[in-house]
1. Return yes or no: is K38 over 30 Å from L208 (Cβ atoms), modelled with pLDDT under 80, surrounded by 10 or more Cβ atoms within 10 Å (Cβ to Cβ) and in contact with a Phe, Trp or Tyr (Cβ under 7 Å, 6 or more places away or on another chain)?
2. So in the stretch 49-71, with the set limited to residues that are in a helix (DSSP H, G or I) and of a type in the set (V, I, T), which one is farthest from F21 (Cα to Cα)?
3. When only residues in the stretch 14-35 that are surrounded by 15 or more Cβ atoms within 10 Å (Cβ to Cβ) and modelled with pLDDT under 85 count, which is nearest to T56 (Cα to Cα)?
4. Please enumerate the residues belonging to the stretch 109-139 that are more than 17 Å from G11 (Cα to Cα) and either among the acidic types (D, E) or in contact (Cβ under 8 Å) with a residue 40 or more places away in the chain (or both).
5. Mind telling me which of the residues L181, L145, L209 ends up being among the aliphatic types (A, V, I, L, M) and surrounded by 14 or more Cβ atoms within 10 Å (Cβ to Cβ)?
6. If the requirement is being of a type in the set (K, R) and more than 19 Å from the chain's Cα centre (by Cα), which of these qualifies: K151, K147?
7. Inspect the stretch 141-157 for any residue being out of contact with any helix residue (DSSP H, G or I) (no Cβ under 9 Å at 6 or more places or on another chain), modelled with pLDDT of 90 or more and of a type in the set (A, V, I, L, M) and give the result as yes or no.
8. Going by the structure shown, is F105 more than 18 Å from S8 (Cβ to Cβ), surrounded by 23 or more Cβ atoms within 10 Å (Cβ to Cβ) and of a type in the set (F, W, Y)?
Amino acid sequence: MSSGAVSSLIGAALGAVVFAFSKIRQTFFVKEKAAVLKTPEGIEFGGGFVTKLTQTGKGKIFKMLALGLFIFAAQLFDFANIQGLSVHFLGGTLAAIMLGPLEGFLAISAVLAIQCLALGDGGLTALGANIFNMGVIGTIGSGYLYKFFLKTHKNVSSAAGGAAFLSILVVVIFYSGELFLSGYGKLSFGQVISIGLLAGLVEGVLTLLFLRLFRYREND
């Protein structure tokens, strides 16, 4: 992939992270008036405002950390690896459903960053592409697709399974396209679709399994 394309994906990934954080920070943090201390001489200390983490924020951060660790471990297991396209659990739909699309995106982005920096998975040049593919498409896109399916089907299982399946299919198509542009793509379009269907099926089944494992119910 050209340096310009790499820079564009890194920029898009960073922009998405900043956007997501700016959107959720209002529910995570609150400004409160700081206590004012007054001496017997009438001199005041303190005052102004301090930023504190809300109870909602504390709960969400704990869930993001716990689910992020779970997804980090689950992503370590590959079901198949075909000419650079690995089939493994992504967790974007699971994170989007249990945390919210933007919160889930930040959790997935943190997982990808740790894999890159601590395990050398993909390297820094691929981090932007991974966050864009697995975070923006696979988590944010999947989260809103889930909400759409939930409105039309009124069933968590079918909405979650459908969102996971379709989002991974799109992720695989984007990723294979990026490999092709970088000169490493050797798969035909039919092979890419076949791998995407397999990866989507794995993602859908595991997403439903983990939702049941965590006893998730809508509006929990």
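1. Considered against the rule, which asks whether it is over 30 Å from L208 (Cβ atoms), modelled with pLDDT under 80, surrounded by 10 or more Cβ atoms within 10 Å (Cβ to Cβ) and in contact with a Phe, Trp or Tyr (Cβ under 7 Å, 6 or more places away or on another chain), K38 comes out as no.
2. Filtering the stretch 49-71 for residues that are in a helix (DSSP H, G or I) and of a type in the set (V, I, T), the one farthest from F21 (Cα to Cα) comes out as I71.
3. Restricting to residues being surrounded by 15 or more Cβ atoms within 10 Å (Cβ to Cβ) and modelled with pLDDT under 85, the top hit is F28.
4. Once the filter is applied, which keeps residues that are more than 17 Å from G11 (Cα to Cα) and either among the acidic types (D, E) or in contact (Cβ under 8 Å) with a residue 40 or more places away in the chain (or both), the stretch 109-139 yields V111, I114, Q115, D121, G138, T139.
5. L145
6. K151
7. Looking for residues that are out of contact with any helix residue (DSSP H, G or I) (no Cβ under 9 Å at 6 or more places or on another chain), modelled with pLDDT of 90 or more and of a type in the set (A, V, I, L, M), one finds none in the stretch 141-157, hence no.
8. Criteria met by F105.
The values are calculated or read from the model by the stated rules, or taken from the named source; none is laboratory data. If you're wondering where the values come from, they're calculated on a predicted model, not measured in any experiment. So basically every Cβ, Gly included, is an ideal-geometry build from the backbone, and we count neighbours across all protein chains shown.
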